[in-house]
Amino acid sequence: MDATTGSTVRIAGLVRQFRTGPERLTAVDDVSLEIAAGSVVALTGPSGSGKSTLLHLIGAIEQADGGTVTVDDLEITALRRAALSRYRQRVGFVFQRYHLLPALTVLDNVSAPVLPRRGRADHAARARKLLESVGLADRQRALPAQLSGGQQQRVAIARALMGEPRLLLADEPTGNLDSTTGAQILDLLLDLRDQHGMTILLATHERAIAARCDRLIRLGDGRIVEDIDLTDGEDPADTYDRAARLRL
Ligand SMILES: Nc1ncnc2c1ncn2[C@@H]1O[C@H](COP(=O)(O)OP(=O)(O)O)[C@@H](O)[C@H]1O
Ligand SMILES: [Mg+2]
């Protein structure tokens, strides 16, 4: 796995609109920002503020109506279909509801993203290794329904790592979990960042999660309304004090 650095993400004048009947709703409204390689950034803001849409645009799951997204030296908003699908395979995506395939074992869920390609034996070995790194080496043959929510999210994270991503996008990854399990999932993501140097952008409503990230970007009506550097040398253990001060 690439142990160098994560991706740099540069966004300029990004716009995404939805047409709902005669109305036009601007879900992402002229957003510009730069995310440093290897940082863990929390994306906050009320429901409907554009967090998911922004993640989808960066992951090339949705297409922008204006502006650019550039990941490292690749302007993804200018890519054609084949190049886009190669790009998507290099980005890890984690969802609130895990999105595991219920009929597949844990091991097959993790290796599913690369099943159609060659080298299946290698993929299985790699999937086993990833399951080990998320603490689930002993549950390879279980089905998703036999796991707790936190364990299912660990499987989803292992799956997201199959493509050796340098950028991991997580949409409220702890939103379905109790706070202790949610904190453990964040521990895991921070560990993975330290091991692999990847860049992580995660949407969250939870103050205890956001306060432990390197940077907090708050959206309101599709715009950035606050952007705070949290790497200010404070003890990250004081997350509740910090969260209160940040009005999270
Ligand atoms: N496919 C869609 N069609 C129409 N409107 C959408 C669609 N996806 C999102 N929206 C609207 O865009 C806005 C931003 O949504 P979203 O990015 O999901 O916000 P968040 O993730 O912060 O809750 C909301 O007003 C939402 O209703
Ligand atoms: Mg959302």
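The values are calculated or read from the model by the stated rules, or taken from the named source; none is laboratory data. Because the structure is predicted, anything quoted here is derived from the model rather than measured. Reconstructed Cβ throughout: ideal geometry from the backbone, glycine too, with neighbour counts over all protein chains shown. Areas reflect the complete protein model, heavy atoms only, side chains present, ligands, DNA and RNA absent. Shrake-Rupley method; radii C 1.70, N 1.55, O 1.52, S 1.80 Å.
Computed values, structure above
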read-out	value
Hits in segment 194-211 (condition: open to solvent by 20 Å² or more (accessible area, probe 1.4 Å) and either touching an Asp or Glu at 6+ places or on another chain (Cβ under 9 Å) or without any contact (Cβ under 8 Å) to a residue 40 or more places away in the chain (or both))	Asp194, His196, His205, Glu206, Ala208
Test: residue in segment 212-222 that is farther than 18 Å from Leu33 by Cα, touching a strand residue (DSSP E or B) at 6+ places or on another chain (Cβ under 6 Å) and at pLDDT 90 or above	no
Candidates Thr26, Thr53, filtered to the one that is within 16 Å of ligand 1 (Cβ to nearest atom), in a helix (DSSP H, G or I) and in contact with a Phe, Trp or Tyr (Cβ under 9 Å, 6 or more places away or on another chain)	Thr53
Any hit, segment 112-124, residues being closer than 28 Å to His205 by Cβ and at pLDDT 90 or above	no
Residues located in segment 56-87, provided they are part of a helix (DSSP H, G or I) and not aliphatic (A, V, I, L, M)	His56, Thr77, Arg81, Ser85, Arg86, Tyr87
Test: Arg166 is open to solvent by 10 Å² or more (accessible area, probe 1.4 Å) and within 18 Å of Gly92 (Cβ to Cβ)	yes
Some residue of segment 67-82 being touching a Leu at 6+ places or on another chain (Cβ under 8 Å), closer than 24 Å to Arg193 by Cα, assigned by TED's automatic domain parsing to the domain that holds Arg19 and free of Cβ contacts under 8 Å to residues at least 24 places away in the same chain	yes
Among the residues listed as Leu33, Leu100, the single one being within 28 Å of Ala210 (Cβ to Cβ) and touching a Pro at 6+ places or on another chain (Cβ under 7 Å)	Leu100
Test: residue in segment 123-142 that is open to solvent by 30 Å² or more (accessible area, probe 1.4 Å), acidic (Asp, Glu) and free of Cβ contacts under 8 Å to residues at least 12 places away in the same chain	yes
Residues located in segment 29-81, provided they are surrounded by fewer than 17 Cβ atoms within 10 Å (Cβ to Cβ), within 13 Å of ligand 2 (Cβ to nearest atom) and either under 14 Å from Gly220 (Cα atoms) or basic (Lys, Arg) (or both)	Pro46, Ser47, Gly48
Elements of type helices (runs of 4 or more DSSP H) contained in segment 115-202, each with 2 or more residues being under 14 Å from the mean Cα position of the chain (by Cα) and among the aliphatic types (A, V, I, L, M)	149-160, 179-196
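Per-residue answers, yes or no, for (1) of a type in the set (A, V, I, L, M, F, W, C); (2) within 16 Å of ligand 1 (Cβ to nearest atom); (3) in a strand (DSSP E or B):
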residue	(1), (2), (3)
Ser7	no, no, no
Ala12	yes, no, yes
Arg16	no, yes, yes
Arg19	no, yes, yes
Val41	yes, yes, yes
